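Shown next, in structure tokens, is the structure this report addresses.
Any read-out appearing in this document is the output of simple, stated calculations on the displayed coordinates, not a laboratory observation. Just so it is clear, the structure is predicted and the values come from calculations on it, not from any experiment. Please note: Cβ atoms are built from the backbone with ideal geometry, for glycine as well, and neighbour counts cover all protein chains shown.
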Amino acid sequence: EGEIKIAKRIEKGLNQALRSLSGFPLTIATTLEEFAKVQAGEMKLTDLLTAYIDPNAVDEVAIPKPRQAGDNNDDDDEEEEVDTGPDPEEARVRYEKMKRLNTRALNASAKHGSDAPQAKKLREQLTEQFLELKLTPKQVDKLTLGLRQVVERIRSHERAIIDLCVRSAKMPRKEFIASFPENETNVNWIDGYLKGKRYSASLKPQAEEIRRHQTKLIALEKEAKLTIAEIKEINRKMSI
């Protein structure tokens, strides 16, 4: 019973992580690219996924039973079905559906905004479709790494900006922390501090470099098709 509880807890944690990860558009783009490699013969389907998950199935976790003395290996071999892996045709149907949903979700976000009801509904459908694929551990690691790398790029630019403002220009850290969040991609943000502050004279020479880093963050938002805040929220949920 203890093993089953532990296994269920691990499975639940993985499912929650994948649900969060599916909200990152580059996750879906990457898994669609991986399936394209399968179709092109550049990759085996079993390197991408191991099974399909029925969302309506009874929640069970299989725990291997220890073999009893005297078990006949030959009989077991004859009775057991040979696992040939996921059905390729079913994979094609599922991935084509995911591709269509992804296109519609991206179009809805671009047209109405990512917070629009129609965009959210399509993303939810996309998430459910994604969660019906039991990806290999290697694929899960690859998708997770994709998110982590984008987050690290964001942090790199933010560290550079705080260094320019706080260390170089002597802006009080508390003032920076109170004003910069939600202004990461607002290139006019710095203008409000270039006059009337005791550190304005030392901040002015840093302004161009600060805007350069903000422009990089704008490019990251376009690449990820999410705002900086949305990317951070997905990463936060992944870390829970």
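Here are a few things to note about the model shown:
- Unit charges on C-beta of K, R, D, E only; dipole of segment 137-240, Debye: 260 debye
- Relative contact order (%) - criterion: Cα under 8 Å, at least six apart; region: segment 137-240: 34 percent
- 4 °C / 1.567 mPa s Stokes-Einstein diffusion coefficient of segment 137-240, Kirkwood radius on C-alpha pairs, µm²/s: 88 µm²/s
- Here's the list of lysines a cross-link from Lys5 could span, going by alpha-carbon distance under 23 Å and ignoring same-chain residues fewer than 8 apart: Lys65, Lys134, Lys237.
- Computed about its Cα centre, the charge dipole of segment 167-209 is approximately 380 debye, with only Lys, Arg, Asp and Glu carrying charge at their Cβ.
- Put a plus charge on the Cβ of each Lys and Arg, a minus charge on the Cβ of each Asp and Glu, and nothing anywhere else: the dipole of the chain about its Cα centre is then about 2860 debye.
- Pairs over the 19 Å Cα-Cα cut-off, from the set Lys37/Lys99; Lys37/Lys97; Lys97/Lys121; Lys111/Lys222; Lys99/Lys120: not a single one.
- When the trypsin sites (Lys or Arg not before Pro) in segment 131-240 are filtered for DSSP coil states and for at most 16 other beta-carbon atoms within 10 Å of their beta-carbon, the remaining sites are Lys170, Lys195, Lys197, Arg198.
- Loop-resident sites, segment 13-60, for GluC sites (Glu not before Pro), counting at most 12 other Cβ within 10 Å (DSSP): Glu42, Glu60
- Sparsely packed GluC sites (Glu not before Pro) within segment 157-216, loop by DSSP, other Cβ within 10 Å at most 15: Glu182
- Multiplying each eigenvalue of the alpha-carbon gyration tensor of the chain by 5 and taking the square root yields semi-axes of 47, 21, 15 Å, largest first, rounded to whole angstroms.
- Using the Cβ-Cβ distance between Glu128 and Thr84 with R0 set to 35 Å, the FRET efficiency from 1/(1 + (r/R0)^6) comes to roughly 0.85.
- 21 Å Cα-Cα reach of Lys170 towards lysines, excluding residues that sit fewer than 8 places from it in its own chain: Lys195, Lys197, Lys204
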